[in-house]
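Undergrad: Have a look at the structure that comes next, please.
The values are calculated or read from the model by the stated rules, or taken from the named source; none is laboratory data. Values in this document were obtained by computation on a predicted structure and should not be read as measured data. Cβ coordinates were reconstructed from backbone atoms using ideal geometry, including for glycine residues, and neighbour counts include every protein chain displayed. With ligands, DNA and RNA removed, areas are computed over all heavy atoms of the protein, side chains included. Shrake-Rupley method; radii C 1.70, N 1.55, O 1.52, S 1.80 Å.
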Amino acid sequence: MVLTDGAMNIRAKGYLRGTHRAVPPEDTWQRIRPHLARYGVTRVADVTGLDDIGIPVFQAVRPASRTVSLSQGKGLTPTSARVSAAMEAIELWHVENPPPPATTVTARRLDLPYALTDLDLAEGSLLHADMPLPWLDGEGLLSGDPIAVPEPAVRLDHTYRTEWTPPLFRTTSNGLASGNTIAEATAHALAELYERDALARLRARPRTDWYRLDLASVDDPDCRRLLDRYAAAQVSVDVVVAGREPACFEARIRSEAHPVTYTGAGCHLDPAIALLRALTEAAQSRLTAIAGARDDLPPVLYRAVGDRPLAREDLGTRTAGWWKPSADTNDGDFEADIRTLADSIATRTGTEPVRVVLPSPTGIPVVKVIAPGLAFDDRTNVSASAGQPRTAREAR
């Protein structure tokens, strides 16, 4: 069984290469592998060789999914990428099958510490405070107080329905994460939420105000190896700085052989891990398009690709040098990371983030964290030319 928070010292960071985890990815794989069939995963495939970059990318296939049938995974090593893909598939199963609501009442009947309108609403949402909603039990990540969360803001289900339902929330996997422990999963969910908000705010600014990372100044060995892989494959890399504490980056890659801009993003208290996530996700995004099997690929990826000239994007003229974290993020624990990230989000929004722990039939910890007031960039990372960014709310 995967480690539960009562089964080990959850504060320990037992694996620190390229990510912070409680145990090495090899241990996680051995724990989750027997349960994959329970979640409908029929295959976990290595697709790294479909591209010439060489950064490990895997896909987990789940044909009966209610969302997408392919989940992506990337990492420094094949095992890390395999675990990443499988855990993403497991996460989606949990929000496709949320727990029964604790209650069904109107928001006006609840003493909510946030406004419903600060949640991520669907276009044309008909939500109002007097609409009866099913609610799940959540927990404030700073106060520890019980805080209710609308079940429709957690559940994901893209299957076709014959009956009409009013548009309420724009449900996404933003803030959804799994891990070896609940604390580990929560720290990763918070970093993702902060990352998406930082990207939305970045896109709301003119490109003349953007900062490109000086890649020559990056001295982390693992990041340098990834940059060398891109260079060997003749793939150009630009990295935009979306935030510093925590560090948030967006990597943008393009090549003569495949002249579409693919992006990847990463956020972490350690800049090296944030950059590594952005670089590996960019490779994953390109391989997703090359493999062509994912359900939600936009057609724009395959339109007149060969006719697009390869030109460096206008990302402004400002550059930023590499920096070290303000504190040793390898010390401390996941709970310390949770406090730091939750504090940063609460300072930005005026509201603490709320965690919903999703019951697991196998004991694999999965959480959904809701952060009322954060903006969300929904421009797909598959291609810089696909999708549209959502305008960021003004900072409070």
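Undergrad: Look at R225 and say whether it is under 15 Å from R277 (Cα atoms), among the basic types (K, R) and in contact with a strand residue (DSSP E or B) (Cβ under 9 Å, 6 or more places away or on another chain). Steps first, answer last, please.
TA: Working: under 15 Å from R277 (Cα atoms): yes; among the basic types (K, R): yes; in contact with a strand residue (DSSP E or B) (Cβ under 9 Å, 6 or more places away or on another chain): no.
Here the answer is no, as R225 does not meet what is asked.
Undergrad: Suppose we keep only residues that are modelled with pLDDT of 95 or more, of a type in the set (S, T, N, Q) and open to solvent by less than 30 Å² (accessible area, probe 1.4 Å) within the range 345-386. Which one would you say is farthest from the chain's Cα centre (by Cα)?
TA: Among those that are modelled with pLDDT of 95 or more, of a type in the set (S, T, N, Q) and open to solvent by less than 30 Å² (accessible area, probe 1.4 Å), it is T362.
Undergrad: Would you mind stating whether A60 is buried (at least 24 other Cβ atoms within 10 Å of the Cβ) and within 16 Å of the chain's Cα centre (by Cα)? Spell out the reasoning first.
TA: Details: buried (at least 24 other Cβ atoms within 10 Å of the Cβ): yes; within 16 Å of the chain's Cα centre (by Cα): no.
Here the answer is no, as A60 does not meet what is asked.
Undergrad: Follow-up question, since we're still on this one. Take H20 and decide whether it is touching a residue at least 12 places away in the same chain (Cβ under 8 Å), open to solvent by less than 10 Å² (accessible area, probe 1.4 Å) and closer than 29 Å to P353 by Cβ. Step through it out loud before you land on a result.
TA: Working: touching a residue at least 12 places away in the same chain (Cβ under 8 Å): yes; open to solvent by less than 10 Å² (accessible area, probe 1.4 Å): yes; closer than 29 Å to P353 by Cβ: yes.
The answer is yes for H20.
The rows are residues; the columns are (1) within 22 Å of L276 (Cα to Cα); (2) surrounded by fewer than 21 Cβ atoms within 10 Å (Cβ to Cβ); (3) not hydrophobic (A, V, I, L, M, F, W, C).
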residue	(1), (2), (3)
L168	no, yes, no
A191	yes, no, no
G243	yes, yes, yes
S255	yes, yes, yes
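Undergrad: R207: closer than 18 Å to E123 by Cβ and either hydroxyl-bearing (S, T, Y) or touching a residue at least 60 places away in the same chain (Cβ under 8 Å) (or both), yes or no? Working first, answer last.
TA: Details: closer than 18 Å to E123 by Cβ: no; either hydroxyl-bearing (S, T, Y) or touching a residue at least 60 places away in the same chain (Cβ under 8 Å) (or both): yes.
Here the answer is no, as R207 does not meet what is asked.
Undergrad: Would you say A187 is in contact with an Asp or Glu (Cβ under 6 Å, 6 or more places away or on another chain), buried (at least 23 other Cβ atoms within 10 Å of the Cβ) and over 23 Å from D296 (Cα atoms)? Spell out the reasoning first.
TA: Numbers: in contact with an Asp or Glu (Cβ under 6 Å, 6 or more places away or on another chain): yes; buried (at least 23 other Cβ atoms within 10 Å of the Cβ): yes; over 23 Å from D296 (Cα atoms): yes.
When the stated conditions are applied, A187 passes them.
Undergrad: For R252, indicate whether it is among the basic types (K, R), assigned to a loop (DSSP other than H, G, I, E, B) and either under 30 Å from T329 (Cα atoms) or at pLDDT below 95 (or both).
TA: Working: among the basic types (K, R): yes; assigned to a loop (DSSP other than H, G, I, E, B): no; either under 30 Å from T329 (Cα atoms) or at pLDDT below 95 (or both): yes.
No: the conditions fail for R252.
Undergrad: Consider the range 218-233. How many of its residues are of a type outside the set (A, V, I, L, M, F, W, C) and open to solvent by 40 Å² or more (accessible area, probe 1.4 Å)?
TA: Residues meeting the conditions: 6.
Undergrad: For the range 73-110, name all the residues that are open to solvent by less than 10 Å² (accessible area, probe 1.4 Å) and under 16 Å from the mean Cα position of the chain (by Cα).
TA: The answer is G73, G75, A81, A85, A86, A89, I90, H94, V95.
Undergrad: Additional query: Assess whether R170 counts as being basic (K, R) and more than 21 Å from L112 (Cα to Cα).
TA: On the way: basic (K, R): yes; more than 21 Å from L112 (Cα to Cα): no.
No: the conditions fail for R170.
Undergrad: Same structure again: Somewhere in the range 230-243, is a residue under 20 Å from the mean Cα position of the chain (by Cα) and either at pLDDT below 95 or of a type in the set (G, A, S) (or both)?
TA: Yes - at least one qualifying residue is present in the range 230-243.
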